[in-house]
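The values are calculated or read from the model by the stated rules, or taken from the named source; none is laboratory data. Please read these numbers as outputs of a predicted model, since none were measured by experiment. Neighbour counts run over all protein chains shown; Cβ positions are idealised from the backbone, glycine included.
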Amino acid sequence: MINSKTKVLCLVGKPVRHSLSPIIHNIALNDLNLNYVYVAFEIEGNQLENAIRGIKALGIKGANITMPYKIEVLKYLDELSKDVKEIGAVNTILNENSILKGYNTDGVGALRALEKFTELDDKKVILLGAGGSAKAIATAISEKVSEIVVLNRTENKAVELASRLKERGFNARALKLNNKNLRNEIRNVHILINATSVGMNSDVSPVPKYLLKPGLVVFDIVYNPLETKLLRDAREKQCITINGLWMLVYQGAESLKIWTGFYPNVQLMRETALKMVRKR
Ligand code: NAP
């Protein structure tokens, strides 16, 4: 029951009214019998600094930061984790005695999701996208896989991401996202990850169906809809498909561990999220 000792966690972004995070976090907190509540704040860009100050002022224990504030928020934080310094984006804030620490759990969330379905050691990966999520995923998987080929609509962003990976000693290449490059690269890879927003709330795919091959692991981090066009095409072409719900749950579980010290029941979080997605 919410009382005067209840600790507050929150989501900050815009839009957030569609978000599943409050539901999966509150069910997990309740299951752990922790006196916390998780709420969503939809804020305008010009209010971000005030919102982050508010976290300190009100003693909010922790926050998730989502689009479009994952990068901008860095400048309002007191400390950044090693991952955040590498990725350049924050999705989790911990308020520790008024010191705001920034973390990024998107990468580890994606890694956990992938590892549920496939081995990563020595696998070649196509990563579509070079935005915040793509950077987090690349950082998390780079130590396991043998090569990451980054394909992005804006080629120079792919080049920048691949260069960062190469500087750290990993095998990475960058290409423009187009059908010719996809066709050439897909032949040689085991795993394809869509970390673009293509397919979110629309029935379009970043990869033509005819290029998908049986046995390819296709992971779409978009979870709205649960089965994107890319995943539907991939299923029909006998690929191994992974939807974005596992990543959502695992990144949330990692955030919750940072805030409370407890690792939640991910199965419960996933089942709850699934019910909500199906009701939409
Ligand atoms: P972001 O930083 O804004 O990056 C967006 C990426 O999508 C960029 O690489 C962008 O390419 C590409 N893109 C956008 N429109 C495109 C189009 N029409 N054609 C080709 N490429 C296009 O966003 P983000 O934070 O990485 O999020 C990406 C997606 O992941 C969102 O749908 C988000 O909901 C989802 N997500 C899921 C989870 C989860 O837990 N499952 C977690 C985080 C994010 P350019 O560089 O050319 O603009």
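Odds and ends about this structure:
- Qualifying position, being out of contact with any Cys (no Cβ under 9 Å at 6 or more places or on another chain), among the aliphatic types (A, V, I, L, M) and free of Cβ contacts under 8 Å to residues at least 60 places away in the same chain, among V204, V218, V277, V189: V204
- Within the range 49-58, the only residue that satisfies the criterion of being within 26 Å of Y250 (Cα to Cα) and without any contact (Cβ under 8 Å) to a residue 40 or more places away in the chain is A51.
- Set side by side, the residues I60, I43, I93 differ, and just one is farther than 30 Å from I191 by Cβ, crowded, with 19+ Cβ neighbours inside 10 Å and over 19 Å from the mean Cα position of the chain (by Cα), which is I60.
- The listed residues are V277, V222, and the only one of them that is within 12 Å of the ligand (Cβ to nearest atom) and either among the small types (G, A, S) or not in a loop (DSSP other than H, G, I, E, B) (or both) turns out to be V277.
- Boolean, A140 is within 9 Å of the ligand (Cβ to nearest atom) and either within 26 Å of A63 (Cβ to Cβ) or out of contact with any helix residue (DSSP H, G or I) (no Cβ under 9 Å at 6 or more places or on another chain) (or both): no
- Qualifying residue in the range 131-151 (condition: within 19 Å of E86 (Cβ to Cβ), assigned to a loop (DSSP other than H, G, I, E, B), among the hydrophobic types (A, V, I, L, M, F, W, C) and over 18 Å from the mean Cα position of the chain (by Cα)): yes
- Exactly one residue out of E115, E119 is surrounded by fewer than 23 Cβ atoms within 10 Å (Cβ to Cβ) and in a helix (DSSP H, G or I): that is E115.
- Qualifying residue in the range 122-129 (condition: away from the ligand (no atom under 15 Å from the Cβ) and at pLDDT below 95): yes
- Count of the range 59-82 residues, restricted to those that are of a type outside the set (V, I, T) and either within 16 Å of the ligand (Cβ to nearest atom) or touching a residue at least 60 places away in the same chain (Cβ under 8 Å) (or both), is 10.
- Residue check for S202: modelled with pLDDT under 95, small (G, A, S) and not in a strand (DSSP E or B): yes
- Number of residues in the range 223-255 that are under 18 Å from I126 (Cβ atoms), buried (at least 23 other Cβ atoms within 10 Å of the Cβ) and hydrophobic (A, V, I, L, M, F, W, C): the value is 5.
- Checking each residue in the range 21-39 for being surrounded by fewer than 20 Cβ atoms within 10 Å (Cβ to Cβ) and not in a helix (DSSP H, G or I) picks out L32, N33, L34, N35, V37, V39.
- Checking K85 against (1) buried (at least 18 other Cβ atoms within 10 Å of the Cβ); (2) more than 16 Å from the ligand (Cβ to nearest atom); (3) not in a strand (DSSP E or B), the condition it does not meet: (1)
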